[in-house]
Amino acid sequence: MTLFTARTFSELHKQPLTLTCHHCGAVYSRPKLEPDQWTQCVRCNSVLETYAAFTPSAWLAIILTAFISLIFANIYPVATLYLQGQGQAATFFDAVSVVWREGYQEVAFITFAAGFLLPVIHLCLLFMVLLPLSLGRLPFYFEWAIKMIDHLKPWCMVPVFLVGILVSVVKLIGLASLVVGVGLFATACAAIFITSFGRLDEHRLRLMALDLGVPAQLPSIPKPPSPARIRQVWAFVIAAVILYIPANLLPIMQITSFGGTSAHTIVGGVIELFQMGSWDIALVVFVASVMVPVFKLVALSVLLALTQFGAMHGLRRRTQIYRVVEFIGQWSMLDVFVVILLSALGQFGALLRIEPGTGAIAFGAVVILTMLAALSFDPRLAWRRAGYRRYISS
């Protein structure tokens, strides 16, 4: 790709259409891009815009394909477990209903929302915006819809659920015979398509509408970040740290068989996978369920402290760290998805019974709190408290 540096504030009076860096607050006039070009903030190196190769009609085709994949992913079982002649199949809804019946309604609701409800709403909103745009019209709900799309995007966790299926398959191979189903492959397709929708945020959709010549509002320059956000993020981080202790000490699931009942914590599950010879899957679970939460809590605490004291050093590096925290946020939900899938598949009465543990509730709360902390933190505040303001002069 060819790097195309955005023009600076000195040219804003010539071209009213602007690009604002949401990581440091710098404002640029929008240049015209050619294929394989993108604009980049010269202050913090964040990508502002990439060349849009897909039209609204092309995105509509991808959305419809994602809808179909998501339907098949939830109608057909992701896997079937066979034990002593008995078979237990599990769809996504089976997993949610089993966990609900076991008395863990909080875990069931989080899983249902992140794995199905919010992705469906997200797809519907994208369809409602892109269909009128493909016809050269601006929907009257355009402003509301594109803001809702931005709010929903971080909470759509179908890709994380896909990895959860793979981890569950590896865990169950040693217990009984397991056959993967159509739901697994449909989930993989849906995950790929939903991941691609990460590019369709409020900023991209607004620029798409303007490029089509429909009467959308011009991008507005965001208001300066409020220092009150620092206290809000500290509250989320401290609550997550407190809950992270029981999330690791309490069992996240319990397995009952002829050999008795065994409780498994997060770290215990990683050790078990390693002992089974699945060191690669153990590494994935360890990174997603242990390293990622710890990294997010430490990184957010450091970013908050440096911002609160107005530190001027390492601003670009701190912005890069925040982008990493923002990107990896949802992957901590991996262990929760693994638990609900194992609970749905491991229902063989006295032969085998897998149930979620109280640690799953605490861990799910940690994931949500750390994501809320990352979404509430405004990296522009670090630049502003260090003395940088909105514009960069030429």
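Where the centre of each part is set by its Cα atoms, how far does segment 357-376 sit from segment 59-103, in angstrom? One Cα centre to the other: 24 Å.
What area, in nm² and to one decimal, does the C-alpha convex hull of the chain cast on average over all directions?
Values: hull surface 82.2 nm².
For the chain, the mean projected area of the Cα convex hull comes to 20.6 nm².
Evaluated at q = 0.22 Å⁻¹, a Debye calculation over the C-alpha positions of segment 34-100 (equal weights, vacuum) places log10 I(q)/I(0) at -0.96.
Close lysine pairs were tallied over the chain: pairs 8 or more places apart or on different chains with Cα atoms under 27 Å apart number 10. Both numbers refer to the Cα atoms of segment 35-168; Rg and Dmax are 19.3, 64 Å. Compactness of segment 95-229 is given as radius of gyration and Dmax, 19.3, 60 Å, from Cα positions.
For helix 118-134, what angle does its Cα long axis make with the longest principal axis of the chain, in degrees from 0 to 90 and rounded to 10? Tilt relative to the chain: about 40 degrees.
Between the Cα long axis of helix 182-196 and the first principal axis of the chain there is an angle of about 20°, rounded to the nearest 10. Remark: segment 273-332 is approximated by an ellipsoid whose semi-axes, taken from the C-alpha gyration tensor as √(5λ), come to 31, 10, 8 Å, largest first.
Values in this text are rule-based calculations from the coordinates and carry no lab data. A quick note: this is a predicted structure, and the numbers were derived from the prediction, not measured.
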